[in-house]
Amino acid sequence: MPEDRGGVLGFVRRHIWAVAIAVGLVVTTGMRPFTIRRPPVPEVLFQVPNEFALVDQDGRAFTPDDLRGKAWVVGFIFTRCPSVCPRVSQVMKAIADDIHHGNLTDRVNVLSVSVDPEHDTPAVLKDYADRLGADPVHWRFVTGSPEQIERFVVDGFHLAVGDRQQTAPGVYDIAHATRLALVDQQGGVRVLFPTEDGNRAELFNQILGVVRLAHDGD
């Protein structure tokens, strides 16, 4: 019986190299998720102290037990800040949205720590959080005594906090770090991330790495 050169087999024979390239592209594309090199998870820089007692915007206690079991993105602000805090809080809001859209709220939470505890009571922090549109379940704003805050920020995160200074009538500023800390599920600080460059994608990748590390260890 004569060969059907107009059929599929004939087409394959006449275009064997094109078919081979197409198959190779399909296989390569399908394997890409398994061959992408994931960036290494940063090593632990230091541990958050295992003794502190702060209070959040709803009057709930915030202790070391709250840090355990989830990753946290931690920032340092105060509600009357006239300089860097609005940017820090907006970056944190964007990261909180990234976490929400990535369906990671069961694994990653956000924490804002006031460095002006004498003014920033829970009620003041709640008003500030509401104006930011923060989800109170997954984004907590904490305060405490000046001694507790200093110990938590300086001893816990190795970041400096200056004294409150009046820069104009009724306007006060406090020099403090603008970096965000990525804390793992055991209270280990993995990253101190600058907020100035706006590269949230890099921080989000590091968040994914910490989440993946905990998942692989389950």
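Every number in this text was worked out from the coordinates using simple rules, so none of it is lab data. Note that the structure is a prediction, hence the values are computed from the model and not measured. Cβ coordinates were reconstructed from backbone atoms using ideal geometry, including for glycine residues, and neighbour counts include every protein chain displayed.
Neighbour counts of other C-beta atoms within 10 Å: give me Val88, Val115 arranged from fewest to most.
Val88, Val115
Provide Val191, Val142, Val124 in ascending order of the number of other Cβ atoms located within 10 Å of each residue's Cβ, fewest first.
Val124, Val191, Val142
Rounded to two decimal places and with Rh computed the Kirkwood way over Cα pairs, what is Rg over Rh for region 119-217?
We get a ratio of 1.00 for region 119-217.
Over the Cα atoms of region 45-175, compute the convex hull volume and normalise it per residue, giving Å³.
106 Å³
Determine the gain in length on full extension of the stretch Leu213-Gln165; use 0.36 nm per residue of separation and subtract their C-alpha separation, reporting nm with one decimal.
13.0 nm
Would you order Arg140, Arg164, Arg68 from fewest to most other beta-carbon atoms within 10 Å of each residue's own beta-carbon?
Arg68, Arg164, Arg140
Calculate the dipole size of region 148-218 relative to its Cα centre from +1 charges on Lys and Arg beta carbons and -1 charges on Asp and Glu beta carbons; express the result in debye to the nearest 20.
Here the size comes out at about 60 debye.
Using θ = phi - 60° and the Karplus curve 6.51 cos²θ - 1.76 cosθ + 1.60, what whole-Hz ³J(HN,Hα) does each residue of region 68-82 get, with Gly and Pro shown as x?
Couplings: 6, x, 9, 7, 10, 9, 10, x, 10, 8, 8, 6, 9, 4, x Hz.
In whole angstrom, how far apart do the alpha carbon centroids of region 173-215 and region 47-126 sit?
Value for the Cα centre distance between the two parts: 13 Å.
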